1. Which of the residues belonging to the stretch A:417-438 are part of a helix (DSSP H, G or I) and either surrounded by fewer than 18 Cβ atoms within 10 Å (Cβ to Cβ) or at pLDDT 90 or above (or both)?
2. All but one of (1) within 20 Å of the chain's Cα centre (by Cα); (2) more than 8 Å from chain A (Cβ to nearest Cβ); (3) open to solvent by 20 Å² or more (accessible area, probe 1.4 Å); (4) farther than 14 Å from A:Val725 by Cβ hold for B:Ile109, so report the exception by its number.
3. Can you find a residue in the stretch B:74-85 that is crowded, with 16+ Cβ neighbours inside 10 Å, closer than 20 Å to A:Thr639 by Cβ and facing another protein chain (nearest Cβ under 10 Å)?
4. Here is a list: A:Ser176, A:Ser180. Which entry is over 23 Å from A:Ala271 (Cα atoms), touching an Asp or Glu at 6+ places or on another chain (Cβ under 8 Å) and among the polar types (S, T, N, Q)?
5. Any residue that is of a type in the set (Lys, Arg) and modelled with pLDDT of 90 or more - is there at least one of those in the stretch B:86-93?
6. Restricting to the stretch B:49-72, give me the number of residues that are aliphatic (A, V, I, L, M), crowded, with 19+ Cβ neighbours inside 10 Å and modelled with pLDDT of 90 or more.
7. Whether any residue in the stretch A:51-71 is among the small types (Gly, Ala, Ser), at pLDDT 85 or above, open to solvent by 70 Å² or more (accessible area, probe 1.4 Å) and in contact with a strand residue (DSSP E or B) (Cβ under 8 Å, 6 or more places away or on another chain) is what I want to check.
8. A:Ser148: at pLDDT below 95, in the same structural domain as A:Leu219 (by TED's automatic domain parsing) and assigned to a helix (DSSP H, G or I), yes or no?
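The values are calculated or read from the model by the stated rules, or taken from the named source; none is laboratory data. The structure displayed is predicted, hence computed values, not measured ones. Cβ placement follows ideal geometry from the backbone for every residue including glycine, while neighbour counts extend to all protein chains displayed. Each accessible area value is taken on the protein alone, full model and side chains, heavy atoms only, with ligands, DNA and RNA left out. Shrake-Rupley method; radii C 1.70, N 1.55, O 1.52, S 1.80 Å.
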Amino acid sequence: MKTPLPPIERVPDCCRGGLVSSILPLLLFGLLCLAWPRVVQGNIFAVQWAWVPSLDLDLAFRLDGLGLLFGLIITMTGFFVSLYASSYMAGHQQLGRFFFYLHGFMLAMLGIVLSDNLFLLFIFWEATTILSFLLIGFDHHKTAARESARQALLITGGGGLFLLMGILLLKIAGESMTISHWAASGDMIRDHALYPAVFICILMGAMTKSAQVPFHFWLPNAMTAPTPISAFLHAATMVKAGIYLLMRFHPLLGGTSLWMATLVIIGGTTALWGAIQALGPCDLKRILAYTTLMALGVLTLFLGGRTVLSLTAAATFLMVHALYKAALFLAVGSIDHQTGTRNLDHLGGLVKSMPLTALAVAAATMSMAGFPLFFGFIGKEIMYEGALAEDMFPVFATVATLFANSLMTAVAAIIFITPFMGFGRQKMDPVKEAPWTMRLGPAVMGLLGIVFGIMPEWVSAHLIQPAVFSFQPDREEIRLVFFHGINLPLVLSILTLTLGSVIYRYRTFLRHRMNTAIDRLWITTPGLYQSGLDNFLRNAGIFTNTIQNGSLHFYLFIIILTLVMAVGWVWLPHVPGILIFPVISGPLIAIGLFAFILASTGVVVFAKKRLSAIGGLGGVGAGVALTFMIFGAPDIALTQLLVETLTLIFISLVLLRLPPMDAVKKRSRSRTIRDACLSLVAGLLLTTLMMGILQVPLDRNLTAFFEANSYIAAHGRNIVNVILVDFRSLDTLGEICVVVLAAWASVTLIRRTKEG
Amino acid sequence: MQSTILQTAAHLMVGLMLVFAVYVLLRGHHEPGGGFSAALLAGTAFALFAITEGPDQVRRAVRFRPGTIAMTGLALAAMAGLPALFMDKPFLTGIWWHQGPFFMGTPLIFDLGVFLAVLGAILSVLLALEEN
């Protein structure tokens, strides 16, 4: 007899919400495909709505070749990742939230590559930063996830501020905020005095987003995110946003020696450093993260050039990388999902149990290593051509590319051979193949790597060239072809494979050497980041504890002291001239009221019990209300009286919770004197201020206006009320929002003290 | 608080004060009063009720949660500004209707919104303090 499985073990194979929501990226991909033939012919789709015209902020979208290339990559990986996640994340508690973030991120990313307005681009840019923070920290109950998320947010968010600064500087320099207007005005900006500042700000934005040295360290740490996220954000799309930015700004800022030198050096360093570090870790995902660093570095390096060759190399490698890297990430996620580990030391021989995944990984790694017949080979050829054609430091660029590529070849071998062919140190439990939703993405992307590798002319004409044309005005045609003949790039390609296999042979030795060398570095940016953050937090803690020490008395003291110093500084010299002894005149009742208020104040100051002090306060309030009444302001008197009453009730409620006054520690004499002095000075200041104001004739213009128009325009005779609900009703709307928010804040505070 | 005199008086007072609050709210356009004062008055009435009968009774009598009342008020006040938009005037411009003897305008709705928002705020703090 069969016993049914216990319900806990039956985690569904895939969740329906994920499957259904993958329709969104598929739909967008389909739309882009519809537009594709027209874009190749040079047509451009553009729409524009005014949003905030006074800020030059328009909802302007524009689909050109570059936008199309990025859009296709984003929607295609978006579709596969969403499909993949519907299985990978199945059974998770917060699936709705996950897919919301995921698709939100995809839309923001599409927004970046399609917006034609610089401010709009910035808004989408920030949206990707925030969504990336939420996605990295998706498993928010883990400390590591939270810390990585914070790190990514601080670094990319900081870069975003630089980008905003760059945009504003660009505006000051007189540049249009519409990206498509730039082609004509590049020379004006490049000769402008602000050019270096603009360049550095934009570069900082791109460097932080695209994880260039020295801001690279957030990317490997971001691998704490669930694998579909790593594949989507940190391999295929978000980290490419910086690259996209550099491409878009190329016609405007590019081509100067500052641009070329900086980008080539930074890109080359990132590529080498990423590739070297990729040998270090045992975690497959971390290895992939470092290879992503290498790829981003290489892309930056090629964007440093100004020839069509090097820019074509960048666009080609962008595609090559997006295809193989997303496939590899997803496949590594499958391995992790099926076996429960992604540690190289524990994996081996998976080719038997996961043959289809193995096939996809084989295709992707072959493309990564750059074997002929694969798209990676085409990419590598054009990369060497591009590196040799750099204007600045062509030798450095070529050598950096060569070494980075060789290391990549070795890493590709490690990624494929160790888990699938090799034998793990421990005997592994039997493993099942991943479900189809998780296989489809790697398989299709691996296959595309082969198809594109066999027919590079088609890719070149339909994707790469339209993309390069949209940011490189010189319409020089560079065709990707399968075989160039025997030339220097081919020799370099062969050299890469040879060098790669040598590195693979000595990988254990190199890994050991590398790890000890990195440990010995005495100054690293991650270390600087950590100590900086620690110091910041510690000082913020000290500062807060000093200023916000929880004593209401202290807060009041500071507030009144600030008032006295800020106002007294200007006002005190005028006091002697103002201070006149008031002539006792007016109705007798006013004098009586004055005496009453004075007596009540006396009660407040000298009361021995809190209740009598509150009674005194109520007396002061009632006296003031009556004064309003006498001098013809019934509305204010009414409100004052009601507020007074309610305040008294509230205070007495709070009072019940306080310990009796006798039990409180006696205040020291010096403190009492200090408080008394401060109160006296504050009182003197405010009184003389009032007297000073009264000596200036009152401007009754506004009063006259309201008196004249209150009934005619607003059908009301009570001017105060008409002002509140009609003439200045927007202010009132804001005020009642504040009232409600303040009430909520107090309720939260009251509840917390009750719990604590 | 256990005081028979206060309790008996409160039963009478609370009702009177609430009716008076509505009166103050409605007369506000021409005479001293208005949404804010009316809300303070109603808040005082409920405070009295809470002191004599306890916060649970107040919750039962009010029926709606204070937060809901406050939010309804904010929404009403904001919505009172919408008709003006449809008539191509700035947001929150007062719009008036004359229909025979009836005379009605968006400022009244706005004032009602103010009343509910402030009352909701007062009630939420009051009940939180009382529910010790």
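1. Selection gives A:Ile417, A:Met421, A:Trp436.
2. (4)
3. yes
4. A:Ser180
5. Within the stretch B:86-93 (the criterion being of a type in the set (Lys, Arg) and modelled with pLDDT of 90 or more), the answer is no, since none of the residues qualifies.
6. So the count comes out to 4.
7. To start, the set of residues in the stretch A:51-71 that are among the small types (Gly, Ala, Ser) comprises A:54, A:60, A:65, A:67, A:71.
Now narrow it down to the ones that are at pLDDT 85 or above: A:54, A:60, A:65, A:67, A:71.
Add one more test, that the residue is open to solvent by 70 Å² or more (accessible area, probe 1.4 Å), and what stays is A:54.
When the remaining residues are screened for being in contact with a strand residue (DSSP E or B) (Cβ under 8 Å, 6 or more places away or on another chain), the result is none.
No, the stretch A:51-71 contains no residue that is among the small types (Gly, Ala, Ser), at pLDDT 85 or above, open to solvent by 70 Å² or more (accessible area, probe 1.4 Å) and in contact with a strand residue (DSSP E or B) (Cβ under 8 Å, 6 or more places away or on another chain).
8. Against the criterion (at pLDDT below 95, in the same structural domain as A:Leu219 (by TED's automatic domain parsing) and assigned to a helix (DSSP H, G or I)), A:Ser148 qualifies.
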